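The values are calculated or read from the model by the stated rules, or taken from the named source; none is laboratory data. Values in this document were obtained by computation on a predicted structure and should not be read as measured data. Neighbour counts are summed over all protein chains in view; Cβ atoms, including those assigned to glycine, are modelled from backbone coordinates with ideal geometry.
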Amino acid sequence: MAPSLPNPKVMLVDTLPRLVLGGIFLIGAIDGFAFVFTGSHLIHPPTSAEGLAFEAALKDTGFFWPLMKTIELIGALLLLSNRAPALGLTLLAPLMVVIVLFHAVLNPGGLPLAALLIVTGGLILWTQRDRFAALMAPGRPTSTAGALRAASVSNQAVLTTAWPLEDRTQ
């Protein structure tokens with residue numbers, strides 16, 4: 001039996017955006033950690049003076065730059081490995097918003113990158129929409145509430161039969 005080729009639609013809508021977005025954030029994380037450990041960037045695209053001031057402020061906090069790069073690394077690895085792409089996108093989405101606004105307001109030269117982040121993030125969100133559907137559902141989830149109620153009743157029964165309270169009325 002001949003090996004089957006991957007579906008081009010799946011490749012274009014699911015796999016390619018996931019790999020592109022994961023690759024962008026993996027490169028950013030590696031470059032960020034290079035700065036943390038060596039004090040210099042491996043790659044640094046042209047940035048406006050206002051953009052450089054914003055980046056310097058993030059680095060000067062001492063904790064935020066390594067935290068941001070750690071989140072980037074985890075999100076990128078989740079996307080690239082296809083292990084939990086919805087979680088990877090969830091971790092990266094706040095950073096993507098900041099990057100898009102950064103380029104829209106402080107560094108317009110990076111708007112093509114911002115557009116690429118929007119498109120790839122949107123495609124990943126679309127392909128993973130069933131994973132996010134529960135977050136958008138109104139009300140309380142009934143199965144979880146029922147399970148919690150059953151566990152609570154079960155635990156109360158165990159507590160009252162296994163450890164009866166002593167009669168302290170004496």
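Quick notes on this structure:
- Of all residues in region 48-86 being under 30 Å from THR127 (Cβ atoms) and basic (Lys, Arg), the one that is surrounded by the fewest Cβ atoms within 10 Å (Cβ to Cβ): ARG83
- Residue count for region 39-51 under the criterion of being within 21 Å of VAL100 (Cβ to Cβ) and either part of a helix (DSSP H, G or I) or of a type in the set (S, T, N, Q) (or both): the result is 5.
- All positions within region 1-36 that are surrounded by 13 or more Cβ atoms within 10 Å (Cβ to Cβ) and of a type in the set (Ser, Thr, Tyr): THR15
- Selection over region 87-132 of residues that are basic (Lys, Arg) and either closer than 17 Å to LEU52 by Cβ or surrounded by 13 or more Cβ atoms within 10 Å (Cβ to Cβ) (or both) gives a count of 1.
- Given (1) farther than 25 Å from VAL105 by Cα; (2) aliphatic (A, V, I, L, M); (3) touching a Leu at 6+ places or on another chain (Cβ under 9 Å), index of the condition MET11 fails: (3)
Per-residue answers, yes or no, for (1) among the charged types (D, E, K, R); (2) farther than 22 Å from ALA84 by Cα; (3) modelled with pLDDT of 95 or more; (4) touching a helix residue (DSSP H, G or I) at 6+ places or on another chain (Cβ under 6 Å):
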site: PRO108; (1), (2), (3), (4): no, yes, no, no
site: ALA115; (1), (2), (3), (4): no, yes, yes, no
site: ARG131; (1), (2), (3), (4): yes, no, no, yes
site: ALA134; (1), (2), (3), (4): no, no, no, no
site: ARG140; (1), (2), (3), (4): yes, yes, no, no
site: ALA151; (1), (2), (3), (4): no, yes, no, no
